[in-house]
Amino acid sequence: MTKKQILSKPNRWELIFQILLLVMTFVFYASERSKGQVSIQIDEPKVMFFLNYALAAYVINYWLLPKFLYLKKYLLFTLLVAALIGVVIFIEEGIIEQIYYPETRGSRFPGFAFTLLTVMPIITILTGFKFAWDALTKQRQVEQLQSAVKESELQYLKSQINPHFLFNNLNNLYSYALESSPKTPDIILELSGLLRYMLYECKAKFVPLQKEVEQLGNFVNLSRLQLEERGEVEFSANLKADGFQVAPLILSVFVENAFKHSLSSVSDDIKIKIALEVDENGKLIFTCVNSFSEESNTEDLSKGIGLENVRKRLNILYPDAYQLDINTDGELYTVKLIMDLKRPV
């Protein structure tokens with residue numbers, strides 16, 4: 001909260017709240033209990049006493065709190081509040097009581113401690129609620145700022161992922177174009193669909209799961225063209241449950257890495273198996289298994305920009321709601337991701 005925001009005038013809702021608070025506090029102040037019954041006695045002296053307290057609370061709420069307490073000038077704030085309470089007591093004992101009760105209450109001073117006990121409750125109530133209002137307002141601003149920071153980070157991570165896809169596939173397209181391969185039109189068509197999805201349909205934090213899986217299939221088809229006759233690719237999706245949403249461009253990073261591992265291998269027996277399933281609890285179970293060899297630099301790939309971004313996005317979007325396991329077993333590289341899916345609001 002900036003100094004300018006702290007010193008700003010109360011907005012409409014705060015003004016309404018303060019008016020209601022003043023009315024309720026005055027009713028409480030004017031209430032008197034007699035013979036087991038509670039009655040409200042409103043007269044001119046009570047109004048004047050209450051206005052004295054309310055004006056002091058206003059000074060504390062809209063001058064001392066923002067200008068001293070919120071700026072961490074604690075000692076000066078304490079001294080000024082003490083001085084203000086002294087002024088309130090002087091006005092009550094030396095002016096108001098002398099006007100309305102000159103021969104009774106105004107004829108003697110009951111003592112500072114006794115007078116303080118009559119002055120502080122109303123001022124404490126009025127300032128306490130204002131302090132709580134400011135604390136809630138600041139908390140909302142902090143939450144909005146945190147949300148904005150998360151959103152900015154997500155957009156930054158997406159901006160890194162999208163060029164990552166684009167550059168890899170443009171290189172593939174360039175290679176096929178040089179060879180005048182008949183597969184070039186298919187690659188252009190698949191790439192066009194993927195780019196359209198990434199540029200125009202992935203702006204939301206979550207997208208329909210069916211749409212994401214459809215584009216994941218397109219990406220698999222696009223990447224399958226690079227294998228030539230060197231291996232097999234299996235892709236299956238068991239999505240009986242409908243209506244779920246998922247963060248876009250997370251699963252495709254694992255698929256891209258699977259093809260990277262395999263294509264960099266010298267083997268002609270490449271195997272890639274990708275499976276998706278949604279269980280009865282609304283959890284997505286994603287498994288991606290691919291063959292690899294030592295020459296594929298698997299360790300470097302597992303620490304690349306794609307996986308690093310995925311982990312960050314999962315931590316932001318699915319805190320404590322996902323489990324990611326990546327391991328190697330013999331000549332197989334396995335990724336298993338279990339995550340709680342979102343339902344549209």
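The values are calculated or read from the model by the stated rules, or taken from the named source; none is laboratory data. Note that this is a predicted model, so its numbers are computed, not measured. Methodologically, a virtual Cβ is constructed for each residue, glycine included, from the backbone with ideal geometry; neighbour enumeration extends over all protein chains shown.
Among the residues of the range 99-126, count how many are farther than 15 Å from VAL47 by Cα, surrounded by 13 or more Cβ atoms within 10 Å (Cβ to Cβ), of a type outside the set (Lys, Arg) and more than 54 Å from the chain's Cα centre (by Cα).
2
This table checks each residue for (1) modelled with pLDDT of 95 or more; (2) basic (Lys, Arg); (3) in a helix (DSSP H, G or I).
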| site | (1), (2), (3) |
| --- | --- |
| MET48 | no, no, yes |
| PRO66 | no, no, yes |
| LYS72 | no, yes, no |
| LEU79 | yes, no, yes |
| GLN98 | no, no, yes |
| GLU103 | no, no, no |
| ALA113 | no, no, yes |
| THR118 | no, no, yes |
| ILE122 | no, no, yes |
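Cβ-Cβ distance below 8 Å, separation of 6 or more or different chains: which pairs start in the range 93-120 with a residue that is within 18 Å of TYR29 (Cβ to Cβ) and touching a residue at least 60 places away in the same chain (Cβ under 8 Å) and end on one that is assigned to a helix (DSSP H, G or I) and of a type in the set (Ser, Thr, Tyr)?
As it stands, the answer is VAL119/TYR53, since those pairs meet every condition given.
Looking at the range 177-222, which of its residues are modelled with pLDDT of 80 or more and in contact with a Phe, Trp or Tyr (Cβ under 7 Å, 6 or more places away or on another chain)?
Once the filter is applied, which keeps residues that are modelled with pLDDT of 80 or more and in contact with a Phe, Trp or Tyr (Cβ under 7 Å, 6 or more places away or on another chain), the range 177-222 yields THR184, LEU209, GLN215, GLY217, VAL220.
I'm checking my understanding of the structure. Among residues of the range 225-259 that are surrounded by 15 or more Cβ atoms within 10 Å (Cβ to Cβ) and at pLDDT below 80, which one is farthest from PRO185 (Cα to Cα)?
Taking the range 225-259 as the starting set, the residues that turn out to be surrounded by 15 or more Cβ atoms within 10 Å (Cβ to Cβ) are 225-227, 231, 233, 235, 237, 241, 244-259.
The next check asks that each one be at pLDDT below 80; those that pass are 225-227, 241.
On the way: LEU225: 12, GLN226: 14, LEU227: 17, ALA241: 35 Å.
Ranking the candidates gives ALA241 first.
Is it true that ILE338 is modelled with pLDDT of 90 or more and within 24 Å of LEU191 (Cβ to Cβ)? Write out each step before concluding.
Values: modelled with pLDDT of 90 or more: yes; within 24 Å of LEU191 (Cβ to Cβ): no.
Answer is no for this residue.
So, in the range 165-206, exactly how many residues are closer than 21 Å to LEU307 by Cα and either in the same structural domain as PHE219 (by TED's automatic domain parsing) or charged (D, E, K, R) (or both)?
So the count comes out to 10.
Going through the range 197-218 one residue at a time, which ones are free of Cβ contacts under 8 Å to residues at least 40 places away in the same chain and among the small types (Gly, Ala, Ser)?
Residue satisfying the conditions is GLY217 alone.
Can you tell me how many residues in the range 191-245 are of a type in the set (A, V, I, L, M) and in a helix (DSSP H, G or I)?
12
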